[in-house]
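Structure first, commentary second.
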4 protein chains.
Amino acid sequence: MNTDRAEGVFVIAPTPFHSDGRIDESSVDRMTDFFLGAGVTGMTVLGQLGEAPKMDHAESVSIVKRVLNRAKVPVVVGVSAPGFAAMRALTQDVMAAGASGVMIAPPNTLRTDDSIVQYYRQASEAIGAGVPFVIQDYPLTFSVQMTPAVIRRIHTENPSCWFLKHEDWPGLEKISQLRAWEKDGSMRRLPILIGNNALFLDFEMERGADGANTGYCFPDMLVDVVRLSKAGKRDEAHDLFDAHLPLIRYEQQPGPGLAVRKYVMMRRGIIASDTLRKPGAALTPAARAEVDYLLARLSHKDPRARV
Amino acid sequence: MNTDRAEGVFVIAPTPFHSDGRIDESSVDRMTDFFLGAGVTGMTVLGQLGEAPKMDHAESVSIVKRVLNRAKVPVVVGVSAPGFAAMRALTQDVMAAGASGVMIAPPNTLRTDDSIVQYYRQASEAIGAGVPFVIQDYPLTFSVQMTPAVIRRIHTENPSCWFLKHEDWPGLEKISQLRAWEKDGSMRRLPILIGNNALFLDFEMERGADGANTGYCFPDMLVDVVRLSKAGKRDEAHDLFDAHLPLIRYEQQPGPGLAVRKYVMMRRGIIASDTLRKPGAALTPAARAEVDYLLARLSHKDPRARV
Amino acid sequence: MNTDRAEGVFVIAPTPFHSDGRIDESSVDRMTDFFLGAGVTGMTVLGQLGEAPKMDHAESVSIVKRVLNRAKVPVVVGVSAPGFAAMRALTQDVMAAGASGVMIAPPNTLRTDDSIVQYYRQASEAIGAGVPFVIQDYPLTFSVQMTPAVIRRIHTENPSCWFLKHEDWPGLEKISQLRAWEKDGSMRRLPILIGNNALFLDFEMERGADGANTGYCFPDMLVDVVRLSKAGKRDEAHDLFDAHLPLIRYEQQPGPGLAVRKYVMMRRGIIASDTLRKPGAALTPAARAEVDYLLARLSHKDPRARV
Amino acid sequence: MNTDRAEGVFVIAPTPFHSDGRIDESSVDRMTDFFLGAGVTGMTVLGQLGEAPKMDHAESVSIVKRVLNRAKVPVVVGVSAPGFAAMRALTQDVMAAGASGVMIAPPNTLRTDDSIVQYYRQASEAIGAGVPFVIQDYPLTFSVQMTPAVIRRIHTENPSCWFLKHEDWPGLEKISQLRAWEKDGSMRRLPILIGNNALFLDFEMERGADGANTGYCFPDMLVDVVRLSKAGKRDEAHDLFDAHLPLIRYEQQPGPGLAVRKYVMMRRGIIASDTLRKPGAALTPAARAEVDYLLARLSHKDPRARV
């Protein structure tokens, strides 16, 4: 595994369930094939929006294996846990099964720069210094604030640090700062893939991101925006992005956002059911009608949105 | 003051400063006139984005008086404070000067339903039971979660509760719940004006909001969207809203958001300088260029955006 | 299992490790025997201070089984987890092995009364309505504030709610309120065992607690204070308690507290090593000397403290 | 003002009110005289437990002046505020009246090392680089975690940084770390006075604190413990401290703690009424009886406690 590079779209995969809550394996397969067809360059499973905490160890491993069976791209596995023991156990099993690396979010009790740096040091030691890991920087959900300097320290200390899932908000200046440090030689290259449901993908690409690491219900759009942006087709990238922005914004809501994502993926035929495990809840009829309306409007601007 | 009603756009006014940080009174006047010309139905001054905590008591009162001199619409004044003494002192002075009511945000230490209800009870008692007050429900900034039931309790207990500045996120179901309770008779009518930089104004209007109480740099657009939505022109409302959404999203960022707002208002000629008092910071050149680009794109879709 | 009763001292058991971090099974045995000899009426394993998050599923189950082999008192198992799947998996395994019930702490993201009540409803559903569970009310660590009314709702809704591990701080009035509600018939009897390292055990007993559910390094003292207090020997209870208070206070510190506890238990010969798993850290030499000094002083007042 | 030194007991003064909530000026005088007679070396007014946020600007200034009239020791004034304008205004008025310095707590939204350092830099700039200021490090109340390195940065950057009100918990290692840095020359001398109701005064003195900056209802005891500890009379210091610990612990409770303090000071004849301004609440009868019992027990061990 070359941990110097990550680019394009590492899509965050939801976990498809049957309506009774069991894992829907054929939807896992269909979804994996769809992602590959859409041009993703990687996949992340068992992230926060993969409903990871709602699965036990055996289920977690089985999903990863199912995805690895078909994925021809690197697969990252979310292994965040309240303690290092569970993190280590899951990491060992999924790396043995063929995963390319793991993603680690900080526990929401960390409050000082040093405590964050120490956490990643101990986590890397726990999973093994040879296991590539992704820093998940998502203060909105995890309540942990990492300055660019903290990220640089983590990256510098840990050769197995693979890339940054950047989803701080606001976050544009953070990307610029990290890229400036790379340019002036005070930091080695850190691949940056952005998350936060791509709400700022347009400008994040222009600030220096390498791509996206998120799960918006039209990952094909993410692939195109990343491609257009890298090709310097700025207006085209923004035009496409803006067409999706009303829905991106709607899906980015914490709480109902995942239900929106699954509902649209169900309507697109990618997964069979939009079921969430508890405590997740289904969309209300009013919300569902709003998503339908957004999809109808989107279909006039982006043909692939005709679902 | 009729505290049963609030509708249209109660614009959140920023506080214009000279580049050295002094209050810019002629910009206050120009801004007030601009807002009136744009069709606002009310104004809120000294809110969070009015940089209220950066002004001392005398400055606060002077700004309110300056606005009251010209405003022909109700003026609400933010009086949130860490204790009731300062809240009472400011309330007395601004109500004596002609303000129509005050806005109160909960201190970010409140954690239980009862403690929130008690806080508003004591606050109302402190400022005087005759003073109309606005509940500011903005968990993203204040870390206080008010359920619909808590809002109903506050509204029911306090006859002087005027309206809800709704800026919870996600927040659509909250509006629907409150409206359902009004319909089934379990709650008296509560006017709802939405905030959060109008990020969900389109659907919030459809869920039952009465208007907006936010300060997006094109309040004229807010006025039009509210009008179109109330007139049942759904597609037109969304078309106009969607045209602005890339900029709305950019301005909604905590931190740089206010600098964006002031920068655009300066470019529009509404205020003379985009200066923020400390600890606020100016936009970086990169951010400024991004806003310029967003404005250029917007100008193709909404003629008033040609600045 | 009679879930109407819990009294005396349900000691919180630490998890003994060898100096290399492996579980020390013979120390588990010796510790269990010691607790029984000290007169505890129950044991709680895998609590927060049992370093639960640092063990994987298999280790967790093995410790519980080891304790169950010797314990002649009810054993409660901490099963708090970020999701219901892991909670359910551990609960099933330990209940099958003979545990009497489980302890559940709320995730530190809960912010409203309803969300807390719903969490316990869903947790109980997840583990099975027949499994007795303990509410852990520890805002200092979990940042979740439960009012007495919330506790009453949880207890009323869930017949399998066994007892309250009360460790709110301040917390005396909470006990009084719950007891008042029982007296006036608005709540069925809820056993209350107190935690928070027993810092207020003296007065909590007088307010109506049934005993303690904590792990202070002299659980024999806890047993005696509970007994004296129930026997109405107020001054004697306070005399004994006060003799230990300097050390109780020292051990109650978050962070080093558990290292203090293990160090004293090692010095008392109850466990072989005071090793903590990461991220826990050993006492500094200065702290160790302070504990030694406190023990020396204590030995003049309580003979069992001669270690 | 020599900002290189602070030692002994800088007592935190409560604000005495009449039972109707008005400031009780003769109690202010009597209290000030009592403190001087007890041997304090400084006074801090308008701290968190001085109910500062409950007073408006004019009241705040009047209390400071009243104290300054009689105090023959340096007086520090709490000027913490949500914005720099109010902080500057109060600082100017109290420094002009003769205060020796001000105390500044960080706003509870700060989350990174840099943001804390920047806050104190901007605060010092706002109040004037010549005004001695005290860092209040009280994470339990303010939710801001300052590492020793952050404190060193603040102290190094700001020549007007006077002393540290240390009330982190746990906090012993923090004192040792700061003293170690002074010893190895990597930090200039920082006076440290401890707070947190003196719950660890005994060991904090031994770790290198210069004294106390707290308001326990027997400040005379604080003076003696500091003196004994500095004189190397370790056992005597602990004996006296331990006699008070049951009450110290009781008074240290957030919420009712201040009511305890005022109640005891009223019983001691130092202030006329134990009234708190809202949202503060009086002790319940049960709590009052508990304090009475603690005082009765204390009177057997420390003669001055016969009240």
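In whole percent, what relative contact order does region D:67-117 give with Cα contacts below 8 Å and a gap of six or more residues?
41
Return the residues of region A:87-130 for which accessible area with all protein chains present is lower than in the chain on its own by 20 Å² or more; set the probe to 1.4 Å and exclude ligands, DNA and RNA.
Listed in order, they are A:ASN108, A:ARG111, A:THR112, A:ASP113, A:ASP114, A:GLN122, A:GLU125.
So how far, in whole Å, is the C-alpha centre of region C:205-222 from the one of region D:255-307?
Comparing the Cα centres of region C:205-222 and region D:255-307, I get a distance of 26 Å.
Give me the percent of the accessible area of region A:145-199 that comes from carbon and sulfur atoms, probe 1.4 Å, all protein chains in place.
About 54 percent, which is the carbon plus sulfur part of the accessible surface.
Could you tell me, in Å, what Rg and Dmax come out for the Cα atoms of the protein assembly as shown?
According to the Cα coordinates of the protein assembly as shown, Rg and Dmax are 30.6, 87 Å.
Taking C:ASP20 in one copy and the same position in all the others, each labelled 7 Å out along Cα→Cβ, what are the pairwise distances from the first, in nm, shortest first?
4.7, 7.3, 7.7
Amide H of D:THR214: which non-local residues (sequence gap of 5 or more, or other chain) have their own amide H closer than 5 Å, using H built in the peptide plane?
It is D:PHE10, D:ILE12, by chain and number.
In nm, one decimal, shortest first: how far is the label point of C:GLY255 (7 Å from Cα along Cα to beta carbon) from the matching points in the other copies?
2.5, 2.7, 3.5
Long-range amide H contacts for C:TRP162: which residues qualify at under 5 Å (H placed 1.01 Å from N, peptide plane, sequence gap of 5 or more or a different chain)?
Placed amide hydrogens put C:PHE133, C:VAL134, C:ILE135 under 5 Å from C:TRP162.
Can you give the Rg/Rh ratio of region B:159-307, where Rg is from the C-alpha atoms and Rh is the Kirkwood radius?
In region B:159-307, Rg relative to Rh is 1.02.
Across region D:170-177, in residue order, what do the Karplus-derived ³J(HN,Hα) couplings come to in whole Hz, using 6.51 cos²θ - 1.76 cosθ + 1.60 with θ = phi - 60° and x for Gly and Pro?
In residue order, the calculated couplings are x, x, 5, 5, 5, 4, 4, 5 Hz.
Note the per residue figure in Å³ for the convex hull of the C-alpha positions in region B:1-131.
Measuring per residue, one finds 114 Å³ for the Cα hull of region B:1-131.
I'd like the Karplus ³J(HN,Hα) series for region C:149-155: coefficients 6.51, -1.76, 1.60, θ = phi - 60°, whole numbers in Hz, and an x wherever there's a Gly or Pro.
For region C:149-155, the Karplus-derived couplings read 5, 5, 4, 4, 5, 4, 5 Hz, x marking Gly and Pro.
Kindly provide the Kirkwood hydrodynamic radius of region D:216-285 in Å, to one decimal, from all pairs of distinct alpha carbon atoms.
Evaluated on region D:216-285, it is 13.2 Å.
In peptide B:185-194, how many Cβ atoms from other protein chains are near each Cβ within 10 Å, on average?
0
Mind listing the label-point distances from D:ALA282 to the same position on all other copies, shortest first, one decimal in nm, points 7 Å along Cα→Cβ?
Those label-point separations list as 5.5, 5.5, 5.8 nm.
Need one value for D:79-86: mean number of C-beta atoms belonging to other chains within 10 Å of its residues' C-beta atoms.
Across D:79-86, the average partner-chain Cβ count within 10 Å equals 6.
Please state, to two decimals, what the Cα-based radius of gyration of region B:61-162 comes to when divided by 2.2 N^0.38 Å (N = residues).
Rounded to two decimals, the normalised Rg is 1.07.
I'd like to check one number: the per residue accessible area of chain A, probe 1.4 Å, reported in Å² as a whole number.
Result: 33 Å² of accessible area for each residue.
Select from C:ALA180, C:PRO303, C:SER160 the residue farthest towards the positive end of the dipole of region C:159-307; place +1 on Cβ of Lys and Arg, -1 on Cβ of Asp and Glu, and compute about the Cα centre.
C:SER160
Quick one: putting +1 on the C-beta of Lys and Arg, -1 on the C-beta of Asp and Glu, what dipole do you get for region B:77-214 around its Cα centre, in Debye to the nearest 20?
Around 260 debye, computed over region B:77-214.
In whole angstrom, note down how far apart the Cα centers of region D:46-82 and region C:106-143 are.
Value for the Cα centre distance between the two parts: 43 Å.
Please turn the phi angles of region D:266-280 into ³J(HN,Hα) values with the Karplus equation 6.51 cos²θ - 1.76 cosθ + 1.60 (θ = phi - 60°), one per residue in order, whole Hz, x for glycine and proline.
With coefficients 6.51, -1.76 and 1.60, one gets 5, 4, 6, x, 7, 10, 7, 9, 9, 4, 10, 7, 5, x, x Hz.
How large is the convex hull of the C-alpha atoms of region C:32-77 per residue, in Å³?
67
Considering the rotation that carries chain D onto chain C, locate the chain D residue whose Cβ comes closest to its axis and report the distance in whole Å.
Rotation axis D onto C, closest Cβ, rounded to whole Å: D:LEU245, 3.
Determine how large the accessible area of A:PHE84 is when every protein chain is in place; take a 1.4 Å probe and give Å² rounded to the nearest 10.
20
Calculate the radius of gyration of the Cα atoms of chain D to one decimal place, then report Dmax, the largest Cα-Cα distance, as a whole number, both in Å.
For chain D, the Cα-based Rg and Dmax read 18.3, 55 Å.
If B:LYS301, D:LYS72 are ordered by their accessible area, calculated over protein heavy atoms with a 1.4 Å probe, which sequence runs from highest to lowest?
D:LYS72, B:LYS301
If you put +1 on each Lys and Arg Cβ and -1 on each Asp and Glu Cβ, how big is the dipole of chain B around its Cα centre, in Debye rounded to 20?
In debye, rounded to 20, chain B gives about 280.
Say the dipole of chain B comes from +1 at the beta carbon of Lys and Arg and -1 at that of Asp and Glu; which of B:ASN108, B:PRO14, B:TRP169 then lies farthest toward its positive end?
The Cα lying farthest towards the positive end belongs to B:PRO14.
Run lengths n ≥ 4 of DSSP H only: what is the helix-derived mean residue ellipticity at 222 nm for chain D, with -39500 (n - 2.57) per run over all residues, to the nearest 500?
-15000 deg cm²/dmol
Please give the total accessible area that chains D and C bury against each other, computed with a 1.4 Å probe and expressed in Å² to the nearest 100.
3000
With all protein chains present and a 1.4 Å probe, how do B:HIS57, C:HIS238 order by accessible area, largest first?
Largest accessible area first, the residues go B:HIS57, C:HIS238.
Evaluate E = 1/(1 + (r/R0)^6) for C:SER160 and C:LYS233, where r is the Cβ-Cβ distance and R0 equals 41 Å; express this FRET efficiency to the nearest 0.05.
So, using R0 = 41 Å, E works out to roughly 0.70.
Taking only C-alpha pairs under 8 Å that are 6+ residues apart, what is the relative contact order of region C:78-220 in percent?
18
Treating the beta-carbon of each Lys and Arg as +1 and of each Asp and Glu as -1, no other charges, what is the dipole magnitude of the protein assembly as shown about its Cα centre, to the nearest 20 debye?
0
The values are calculated or read from the model by the stated rules, or taken from the named source; none is laboratory data. Keep in mind it's a predicted model, so treat the numbers as computed, not measured. Virtual Cβ from ideal backbone geometry, glycine too; neighbours counted across all protein chains shown. Note: accessible area is taken over every heavy atom of the protein model, side chains too, but ligands, DNA and RNA are not part of it. Shrake-Rupley method; radii C 1.70, N 1.55, O 1.52, S 1.80 Å.
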